[in-house]
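Reading through the structure tokens given below for one structure.
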Amino acid sequence: MDHYRIGRQRSDARGEQDVLNVTDPATNRLVASVVKSGDSGVDAAVSVASEAVEAWQGFDPAERGRVLRQIADRLRDETDRLARVETAETGRPISTSRHLVASAADYFDYYAGLTDKVEGETIPVPGDRLNYTVREPLGVTGHLVPWNASLLLGARSIAPAMASGNVVVAKPAPEAPLSLLAFERLAAAAGLPDGAVAVAPGGAETGRALTRHEGVDGLVFTGSRETGKEVMRAAADNVTPVNLELGGKSPSLVFADADVTQAAEDTVGVFSNAGQVCYATTRIFVHEDVYGPFVDALVGLTESLTVGPGVADFDIGPLISRDARDRVAASVDEAVDDGATILAGGRIPEDTDDGNFYEPTLLTDVDDDDPVAREELFGPVATVHEFSSEAEAIQRANDTEYGLYAALWTDSLDRAHRVAGELEAGTVSVNEYPATFPQAPFGGYKESGIGREKGQQALEHYTQLKDVTVQL
Ligand code: NAD
């Protein structure tokens, strides 16, 4: 992709700090410069969006559904172009980017079918009265999006917000704003009122401007736990409702009665997107009876993964930045200094110094309390631990501040339901990883978040409930 510049040029001289330089993490070469929105850009986007509220809510619900379906169709028609944009700004394998664009389209299809199903209830109250509830849209919703799957995660919250009658101001992460900017143009062409979806690129300052803005009626933040806490504090000033989709340090539990081959084949998926996935099961607990065969299979699969630029569709692309790669490398080195054994990977691959690559890495002999087993590294590193009993596995799996996802592997129906019930996680998958769907709610227990995205449950966050009593 050629280097290009996006955004309105103003007459005043712009300093470096007004521009986001987007680089390809596979080469660290510049692919685009994007003008940051900052306070004034966010103000403008919120103001245009506010003007679009009435027009968008004036669409019949079924008509809104048709527009969302148009967006889904356009996303599918433009899969190749959008996937190239996503790969240029993240370095991700192009086949994964294509899959993510198709999944973004799935969100619009799913919520297109729900626009005319945002229903209320009638409630039997005492006396001669009719009491009913209506779900009303919030108005302008602010969406703070991370870089690890910009288009998909943008779609995940934009589709339900729009389906229930809201307009959107979305702020992509500074590392990867291009795909949402492309989406803004695509969505406008699908028949939305002007400004109903506005994208305000920028960094933390632009994010703060959106979070604090008095014209924003609801917020959804997807990102790290630390930033999420800051967003929640800022939202408190205007009592703005906020949905938080935060990080994880998810466990995978492989029991002695599991299909070990299948468990290993799925578990190697932890390295997908170079491990930069919120629900990645980076803590792998394996029963002592199958520890040897499982680890052998997982190491073999891990070592067969190829690492290289996403445009050439290697299995594992680069980390988002040089800092992120160096942080991951330092964490592995510290773990090894603390006694960890490297089962696979553990190095910066040779001859890849232009990009931010790190080998998919499996560690063992790691204490559950070691930072590498407790902190979200957001890189291609997982730790493998041995356990003896079901109770021990559950206790150790739950011993984390996070609670986004958990996977378990067993042939026993009893155990599957029993352990799924005990795990402190918003999503549990049995004998499969990963397993997430637009139709099924997704979100965190504990410090992995507040509220739910996906499914019909997401509509609750984008609407407020009004109760009406009529004396008859
Ligand atoms: P991040 O927290 O650094 O940034 C997320 C977004 O918030 C970005 O757009 C960023 O510019 C913006 N931001 C930063 N500081 C802000 C502030 N003070 N106020 C308002 N906005 C601000 O996260 P990231 O590095 O972009 O993404 C990686 C993190 O996201 C990981 O922790 C990952 O687990 C998490 N994540 C969670 C989910 C989920 O569904 N739970 C999905 C994907 C990623």
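The values are calculated or read from the model by the stated rules, or taken from the named source; none is laboratory data. Since this is a predicted model, take the numbers as computed values, not measurements. FYI the Cβ positions are ideal-geometry reconstructions off the backbone, even for glycines, and counts take in every protein chain you see. These accessible areas exclude ligands, DNA and RNA; they are computed on the full protein's heavy atoms, side chains included. Shrake-Rupley method; radii C 1.70, N 1.55, O 1.52, S 1.80 Å.
Both radii are taken from the alpha-carbon atoms of region 189-236; with Rh as the Kirkwood radius, Rg/Rh is 1.03.
Within the same chain, aspartates and glutamates fewer than 8 places from K171 are excluded, and of the rest, those with a Cα less than 13 Å from its Cα are D39, D43, E184, E205. Its convex hull of Cα atoms gives region 365-443 a direction-averaged projected area, equal to a quarter of the hull surface, of 6.1 nm². Annotation: peptides 112-123, 67-78, ranked by per-residue average of other Cβ atoms within 10 Å with the highest first, follow the order 67-78, 112-123. Contact order for the chain, expressed relative to its length and based on alpha carbon pairs under 8 Å spaced 6+ residues apart, stands at 18 percent. Of the accessible area of region 51-196, computed with a 1.4 Å probe over protein heavy atoms only, carbon and sulfur atoms account for 48 percent. How large a share of the accessible area of region 415-472, in percent, is made up of carbon and sulfur atoms when the probe is 1.4 Å and the other protein chains stay in place? C and S fraction of accessible area: 48 percent. Ligands, DNA and RNA are left out, and with a 1.4 angstrom probe the accessible area of the chain is 41 Å² per residue. Of the three principal axes defined by the Cα atoms of region 323-467, the extents in descending order read 62, 40, 24 Å. Within the chain, DSSP assigns beta bridges of which about 35% are antiparallel (rounded to the nearest 5). Of the complete DSSP H runs in the chain, those spanning 20 angstrom or more by Cα along the long axis with a mean Kyte-Doolittle score not below 0.0 are 38-58, 94-112. For the cross-link pairs K117/K466; K117/K249; K249/K454, the ones whose C-alpha atoms lie over 25 Å apart are K117/K249. Based on DSSP H segments of at least four residues, each scored -39500 (n - 2.57), the chain has a per-residue ellipticity at 222 nm of -12000 deg cm²/dmol. Give the shape of region 18-149 as rounded, prolate or oblate, defined through the alpha-carbon gyration tensor: a ≥ b ≥ c are the square roots of its eigenvalues, a/c under 1.5 means rounded, and otherwise the shape is prolate if a/b is larger than b/c and oblate if not. Note, shape of region 18-149 comes out prolate.
Across every direction, the projection of the convex hull enclosing the Cα atoms of the chain has a mean area of 24.5 nm².
Share of carbon and sulfur in the accessible area of region 225-367 stands at 48%, probe radius 1.4 Å.
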